[in-house]
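As structure tokens, the structure follows; a few thoughts come after it.
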Amino acid sequence: LGEEQFGAGVSQTFETAGKRSKRVQVAEKQLALAEAEYDERVRQLRFEVRSRFAEYAAEAERLRIVERLWETYQRSLDLMEARVAQGDAAALERDLLLVELSRTEAQRAAVGGRMQAARAELARLADLPDPQSVEPPAIGPPAAIPFGLEQLKRKSLEERPDLRAAEILRQQGEAEAMLARSQGKADVTLSASYYRVFSRFDNQLGLTPAGVPTTLQDRDDVLSVGVSIPLFGRNRNMGNIEAATARTRSARYRREFLERSIPLEVESAWSRLASAQQAYQTLSQTVLRQAQKNLEVIQQAYRLGQLRFLDVLNEQRRLLDTQLVAVDSKLEVLRGLAELERATGGELQ
């Protein structure tokens, strides 16, 4: 007895309920979400770089102010040494100046260290291989913002990438819920196959039409066609549907929270920037000018013998403190501008 068989078959599954198009929608939302998250990271990184740049610029300006004062004290000390040698000034005045010179030198070292640290941090954020390549910048007067508060609020709701990401997450959750529902529907599988079977019976003999004995043989050709439809219960894939619905609800709450909180962030940053600008204008236009005039008057009075040298040093120290406060005020303006740009989601100048 011998038997041989060969055949071929093919099957094709046809998805129902639009599963393919729904998977494409989910993939498109995932791509849009990745782009929004990238834009959000760019927004945060831009704020960090601007803040570190402002700190570096402020430290560099502080260092220039302290160095100018140190050079002034150094020249004054040379003159004071000559006057003391000629008996034209008391040794106490020289000693007072030496103390101020040492204090200023220590302050210069501290400010220089902070400037180097700020430059290294800025280079790290900007991915610069050599921090020394970042030259100390000069802080110019803050420019005016060409937008009003209400315009900035509308701009923030239109451009904030985190708000866009929350909306995309909501849409993605809806698409995933639709896909999960469609996956609960049965697919249809069509199949077809063909088989040919040869059988030979060695111990069984038959006769041909010519009467010649021959071994009995048989050949069968089998063609089959089928349709397969699995049976599902009503609760199939219910867990995925509920999970997708929960993600949709969470994303919707997140979006609604951002829609309420973003205008408040913009208003807070706007108020901070306005207050910093007002303080800077007062210091730069009024206080600094008057402090410089006061120092000039006291220096003239000292030359006329009406005041002590200690009075000159005290006024010089007050002027230095005022200049450093003005730098802090300018830094606060730059920080406020960076915060306002982060709150609105885009550049303002």
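The values are calculated or read from the model by the stated rules, or taken from the named source; none is laboratory data. Just so it is clear, the model here is predicted, and its values are computed rather than measured. Neighbour counts run over all protein chains shown; Cβ positions are idealised from the backbone, glycine included. Protein only, heavy atoms only, side chains kept; ligands, DNA and RNA dropped before computing areas. Shrake-Rupley method; radii C 1.70, N 1.55, O 1.52, S 1.80 Å.
So what's the net charge close to Pro131: Lys and Arg +1, Asp and Glu -1, counting the other residues with Cβ under 13 Å from its Cβ?
Neighbour charge sum, excluding Pro131 itself: -1.
What angle, in degrees between 0 and 90 and rounded to the nearest 10, separates the Cα long axis of helix 149-159 from the longest principal axis of the Cα atoms of the chain?
The angle comes out at about 30 degrees.
Kindly express, to the nearest 10 degrees and within the range 0 to 90, the angle between helix 238-282's C-alpha long axis and the longest C-alpha principal axis of the chain.
20 degrees
Dipole magnitude of region 42-126 about its Cα centre, charges +1 at Lys/Arg Cβ and -1 at Asp/Glu Cβ only, in debye to the nearest 20?
Value, rounded to 20: 720 debye.
Would you work out which of Asn294, Thr282, Tyr194 lies farthest towards the positive end of the dipole of the chain, given +1 charges on the beta-carbon of Lys and Arg and -1 on that of Asp and Glu, about the Cα centre?
The listed residue farthest towards the positive side: Thr282.
Which order do you get for Asp127, Asp78, Asp39 if you rank them by accessible area with a 1.4 Å probe, largest at the top?
Result, largest first: Asp127, Asp78, Asp39.
Treating cross-link reach as a plain straight distance, find the lysines whose alpha-carbon is under 28 Å from the alpha-carbon of Lys153, omitting any fewer than eight places away in the same chain.
Answer for Lys153, where 28 Å is the Cα cut-off: Lys29, Lys330, listed by chain and number.
What number, in percent, do you get for the relative contact order of the chain if the mean sequence gap of Cα pairs under 8 Å and at least 6 apart is divided by its residue count?
It comes to 29 percent, rounded to a whole number.
Under 12 Å from the Cβ of Leu258, count the other residues' Cβ atoms, weight Lys and Arg +1, Asp and Glu -1, and hand me the total.
+1
Can you spot the lysines whose alpha carbon is less than 22 Å from Lys22's alpha carbon? Ignore those fewer than 8 places along the same chain.
Within reach: Lys185.
Could you tell me how many degrees, from 0 to 90 and to the nearest 10, lie between the Cα long axis of helix 309-344 and the main elongation axis, the longest principal axis, of the Cα atoms of the chain?
For helix 309-344, the angle is close to 20 degrees.
In debye, nearest 20: dipole of the chain around its Cα centre with unit charges on the Cβ of K, R (+) and D, E (-)?
920 debye
How far is the Cα center of region 21-44 from the Cα center of region 80-143, in Å?
Rounded to whole Å, the Cα centres lie 49 Å apart.
If you work out semi-axes √(5λ) of the Cα gyration tensor in Å from the coordinates, which of [x] 56, 28, 21; [y] 36, 21, 19; [z] 89, 27, 12 do you get?
Checked against the structure: label [z].
Work out the charge dipole of the chain with +1 on the Cβ of Lys and Arg and -1 on the Cβ of Asp and Glu about the Cα centre, then indicate which of Gly226, Ala109, Ser156 is farthest towards its positive end.
Ser156
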